[in-house]
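The values are calculated or read from the model by the stated rules, or taken from the named source; none is laboratory data. The model shown is predicted, which means the values in this text are computed figures rather than measured ones. We place every Cβ from the backbone using ideal geometry, glycine too, and count neighbours over all the protein chains shown. Just so you know, the surface numbers come from the protein's heavy atoms only, side chains and all, with ligands and any DNA or RNA stripped out. Shrake-Rupley method; radii C 1.70, N 1.55, O 1.52, S 1.80 Å.
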Amino acid sequence: MNIVNKKKKLPKIGLLYLDYVLRFFDKSNFKGWPDKIETVVYHWGNDKARFINEVRRKEIDVLIGNIPATAYETFKEIAAALPHVRFIPSIETQFANKSKENVTLFAKKHNLSIPHTEIFYDKEEGYKYLKTCKYPQIIKRSYGPSNYGGYYVHKVDSYEEAIALLEEKKYMPIYTQDAIPLKYSGDIRVMLIGHKPVCAFWRFSGEGQWITNTSQGGSMSYDNVPMSALELAVEASKAAKAEYWACDIAIDENTDKPYILECATAFAAFPYIRDWIGQYIMWDLSEGRFPLPHVPLYSWEELGKISPSLLRTMRHIHFAKYTPSADGAYWLEDKGEFDMEKTEESTPDDIPDPIKPEEEDKIPEIVKESVKEEAEVGPDEQEQYELENVTLTQLLTLQGMEEDVAVKIKELIDNKEISSLEDLSKYDFVSKEQLDQWSKYFK
Ligand SMILES: Nc1ncnc2c1ncn2[C@@H]1O[C@H](COP(=O)(O)OP(=O)(O)O)[C@@H](O)[C@H]1O
Ligand SMILES: [Mg+2]
């Protein structure tokens, strides 16, 4: 035991929370951390100065947590005012969280495989491109919180369809990419910690759907995730210098080539995965005083056999490194070459140039406003929703709401399977506490 190491003071951890935003980490994810873990909550609106002062007053060295898309620019300024505070993940690492456009710029800068994508701030130029490009194209809304389960993602088969869609939706910028013919009608989600894949699964589309959305009748499987998808996810994680990271990857059914559809530090994960991330961060911050979590590659294939409702309650899953005994056979070899690594420090030139100011000016105010509204409505000025008319966007702003849960609830409402919030108590994917919490938002 290294006595010097033991005595060395650990940095002070603060968990970064925002009002009405799902809390990814909880103190319990940092099991064994001997010192007090602070929390700092950002209140939407004009809270920058107060937030910065609170971080200083609490003498926080490391602020851990995801910044939602709509707060990204604000937190760039906050981080600049707190140069001695390490953000985990760094502001640069979170660049791709902000918009699909940022995902594309990030991937282009680092030469990561993505579907051919064009982004236009000039409507005429966009329409000109759509006249000559190949079809089908996938047109997406770039701005605002992503991962709405395909809510703002559309497939168009011709120029006429593309124009009809854009005239109706008025998305700006125009974000359009080649449709990848999806192998097995699915895509792959890979989650990584310290650049090592720790969980991966296929998501397949429902009958008659092109989009992979497990909340709309799709299904998932932890089996047979190809190595090429893991490799691409690792490449993206390293480019982002991400302590933790998730990638959605499409495999072209004709060529087997993998393409990144989305990547971010913000994603939904079972608590045991967040425990591993907490353990990894403790290892990083303690210079090895806490052990690195050992997660055998493809262990998700075995864990995935456990029913999700049970898996959701399992905590602090621990794998010891297997030491072969004289007659022992490896039952679960750590296949592949990936090691959990310390991430490099981010630097400003990790991220691509931002949108040019003159281009930013072209984003209609209405788009900026709608994005702001989604984020900044608090309970004080909170309107009361009617269950049958509530939008997915509104559901997603409810305290502690997870994206998968919101989509599921929306589906139940649309299918008239529930007529009041209380009806949700029949379902096991929401807790009584959550229902109590959300009831104040409904008439
Ligand atoms: N270029 C593409 N080619 C084929 N399918 C796509 C493409 N882009 C998106 N999809 C499908 O649409 C789904 C949702 O798109 P995504 O970009 O992940 O948006 P969201 O923010 O709604 O999750 C993907 O999971 C995938 O099934
Ligand atoms: Mg997605």
- Query: Hey, T212 hits all of (1) β-branched (V, I, T); (2) surrounded by fewer than 24 Cβ atoms within 10 Å (Cβ to Cβ); (3) assigned to a loop (DSSP other than H, G, I, E, B) but one; which does it fall short on?
  - Reply: (2)
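Residue by residue, here is whether (1) part of a helix (DSSP H, G or I); (2) under 23 Å from the mean Cα position of the chain (by Cα); (3) not assigned by TED's automatic domain parsing to the domain that holds P197 holds:
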| residue | (1), (2), (3) |
| --- | --- |
| W276 | yes, yes, yes |
| Q279 | yes, yes, yes |
| M282 | yes, yes, yes |
| P293 | no, yes, no |
| L297 | no, yes, no |
| E302 | yes, no, no |
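When the residues of the stretch 137-151 are narrowed to those that are modelled with pLDDT under 70 and near ligand 2 (Cβ under 10 Å from one of its atoms), which ends up farthest from S219 (Cα to Cα)?
Applying the filter and picking the extreme gives S146.
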- Message: Which of the numbered conditions does A246 fail, given that it passes all the others? Conditions: (1) modelled with pLDDT of 95 or more; (2) within 14 Å of ligand 2 (Cβ to nearest atom); (3) more than 24 Å from D339 (Cα to Cα).
- Response: (3)
- Task: Please work out if I260 is more than 17 Å from the chain's Cα centre (by Cα), at pLDDT 95 or above and within 16 Å of ligand 2 (Cβ to nearest atom).
- Result: no
- Applying the selection to the stretch 171-211, what residues are charged (D, E, K, R) and within 15 Å of ligand 2 (Cβ to nearest atom)? D187, R189, R203
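Keeping to the stretch 153-197, report how many residues are aromatic (F, W, Y), open to solvent by 40 Å² or more (accessible area, probe 1.4 Å) and on the phi < 0 side of the Ramachandran plot.
Number satisfying all stated conditions: 1.
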- Task: Examine the stretch 225-238 for a residue that is assigned by TED's automatic domain parsing to the domain that holds E301 and more than 28 Å from P89 (Cα to Cα), and state whether such a residue exists.
- Result: no
